[in-house]
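Encoded as structure tokens, the structure appears first; notes follow it.
The values are calculated or read from the model by the stated rules, or taken from the named source; none is laboratory data. Quick caveat: nothing in here was measured; it's all calculated off a predicted structure. For neighbour counting, all protein chains shown are included, and Cβ atoms are generated from backbone atoms with ideal geometry for every residue, glycine included.
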Amino acid sequence: MCAMMSPTLFEIYDKASHRPWEDATGPVRVSPHTWFVGQSWVGVLLIGTREGLIMIDAGICGQMWQIFEAIRKIGYDPERDVKLCLLSHCHIDHFSGMQLLQHYAHPIVYMSEIEKDWPNMAERHDTEGADYYMPFTPDRYYDYTRPIKFGGLSIMPVLTPGHTPGTTSFFYEDTDEKTGKSYLVGLHGGLGMNTMIDTEFTCAQAAFEARDAFRKQMLTLREKHVDISITNHPDNIHMFDRIGPDKTDYTPFVDPSVWIRQIDEKLAELNELEKNSVFQCG
């Protein structure tokens, strides 16, 4: 009997971009005014405000029809109501849909200035699948000293390097008008270890710096009390284990332990990666 091989990153991109309907998910309400839509592997977040939608990430270009349909399902017009798009980091599973989004919806696009050259680089060693590469130009860069305020919502961007140098995480208060309860919602912008493995680095110093930056920001964020953890990669919070029969019910996601657990899991992965790395201190 032949053992089944895990799909490569290229194969995952290919399916998500060219056959997104095979693994479509959403919209799923994950906080009072936040929805997830995408595939089981990757997706975007839609935050409703009194002045329109804030979108976190733009997904893969082939997902855009699915994202627009989800926007309609939650009562918004995708070509009129998407006002802001906040990019977590410049990997193509998060930004290759941006060009289409800008063409049809014209949102104000924010990203980290640290990665300002990445969207316009034709080839990058850490992205497989040039077919999915669609460059874009942002409108603004994050100011990590002040929140982004829009439609009565205040979103704090936090620089959390490691997965990429400019990975950005987001925190905001979301209130359920029916119950009067408010929740701190948190999204870590990039938790993948794939960019911290040995083959990503040409020298030990670069590996030490990236891994150390990741560990430091994770330990800092672990101290935050986050009521609802949201994600652009569902596996990070085991999202599909939490969805109830009613996809409009966000309450299964109210669990402060999820934030701590996802950080502890990633720190354990980092420790294991470092233990087996060819780059060793001393």
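Counting only residues that are part of a helix (DSSP H, G or I) and surrounded by 12 or more Cβ atoms within 10 Å (Cβ to Cβ), how many does the range 249-270 have? Let's see the steps before the verdict.
Quick first cut of the range 249-270, residues part of a helix (DSSP H, G or I) only: 251-253, 257-270.
Within this subset, residues satisfying the condition of being surrounded by 12 or more Cβ atoms within 10 Å (Cβ to Cβ) are 251-253, 258-267, 269-270.
Adding up the residues that qualify gives 15.
Of all residues in the range 80-92, those that are at pLDDT below 95 have Cβ atoms under 6 Å from Cβ atoms of residues that are surrounded by 24 or more Cβ atoms within 10 Å (Cβ to Cβ) and among the hydroxyl-bearing types (Ser, Thr, Tyr), 6 or more apart or on another chain, in HIS89/THR167. For the range 213-251, a residue qualifies if it is more than 15 Å from LEU187 (Cβ to Cβ), touching a residue at least 12 places away in the same chain (Cβ under 8 Å) and among the small types (Gly, Ala, Ser), and exactly one does: ALA213. Looking across ASP227, ASP174, ASP198, one residue alone is in contact with a Ser or Thr (Cβ under 6 Å, 6 or more places away or on another chain) and over 28 Å from VAL278 (Cα atoms). It is ASP174. When the range 153-181 is limited to residues that are touching a residue at least 12 places away in the same chain (Cβ under 8 Å) and small (Gly, Ala, Ser), the one that is nearest to ILE230 (Cα to Cα) turns out to be SER169.
One residue stands out among those in the range 186-212 that are touching a residue at least 24 places away in the same chain (Cβ under 8 Å) and polar (S, T, N, Q): the one that is surrounded by the most Cβ atoms within 10 Å (Cβ to Cβ), which is THR195.
If you go through the range 217-224 one residue at a time, do you hit one that is surrounded by fewer than 18 Cβ atoms within 10 Å (Cβ to Cβ), out of contact with any helix residue (DSSP H, G or I) (no Cβ under 9 Å at 6 or more places or on another chain), under 23 Å from PHE171 (Cα atoms) and not aromatic (Phe, Trp, Tyr)?
Yes, the range 217-224 contains at least one residue that is surrounded by fewer than 18 Cβ atoms within 10 Å (Cβ to Cβ), out of contact with any helix residue (DSSP H, G or I) (no Cβ under 9 Å at 6 or more places or on another chain), under 23 Å from PHE171 (Cα atoms) and not aromatic (Phe, Trp, Tyr).
Taking the range 49-97 as the search range and keeping residues that are assigned to a strand (DSSP E or B) and among the β-branched types (Val, Ile, Thr), which one is surrounded by the fewest Cβ atoms within 10 Å (Cβ to Cβ)? Quick ask: steps written out before the conclusion?
As a first pass, look at the range 49-97 and keep what is assigned to a strand (DSSP E or B): 49, 52-56, 82-86.
This time we only want the ones that are among the β-branched types (Val, Ile, Thr), so: 49, 54, 56, 82.
Details: THR49: 16, ILE54: 27, ILE56: 26, VAL82: 25.
Selected residue: THR49.
Of all residues in the range 98-117, those satisfying the criterion of being surrounded by 21 or more Cβ atoms within 10 Å (Cβ to Cβ) and over 17 Å from the mean Cα position of the chain (by Cα) are ALA105, PRO107. Every listed requirement among (1) modelled with pLDDT of 95 or more; (2) on the phi > 0 side of the Ramachandran plot; (3) of a type outside the set (D, E, K, R); (4) under 18 Å from the mean Cα position of the chain (by Cα) is met by HIS238 save one, (1). Residues that are in contact with a Gly (Cβ under 8 Å, 6 or more places away or on another chain) and at pLDDT below 85 within the range 133-158 comprise just one, MET134. From the list GLY59, GLY48, the one residue that fits, being within 26 Å of PRO161 (Cβ to Cβ), touching a strand residue (DSSP E or B) at 6+ places or on another chain (Cβ under 8 Å) and not β-branched (Val, Ile, Thr), is GLY59. When you scan the range 227-244, do you find a residue that is farther than 23 Å from ASP93 by Cβ and surrounded by fewer than 12 Cβ atoms within 10 Å (Cβ to Cβ), even just one? No, the range 227-244 contains no residue that is farther than 23 Å from ASP93 by Cβ and surrounded by fewer than 12 Cβ atoms within 10 Å (Cβ to Cβ).
Among the candidates TYR104, TYR110, which residue alone is modelled with pLDDT of 85 or more, aromatic (Phe, Trp, Tyr) and closer than 28 Å to SER182 by Cα?
Details: TYR104 fails: closer than 28 Å to SER182 by Cα.
Selected residue: TYR110, the only one of TYR104, TYR110 that is modelled with pLDDT of 85 or more, aromatic (Phe, Trp, Tyr) and closer than 28 Å to SER182 by Cα.
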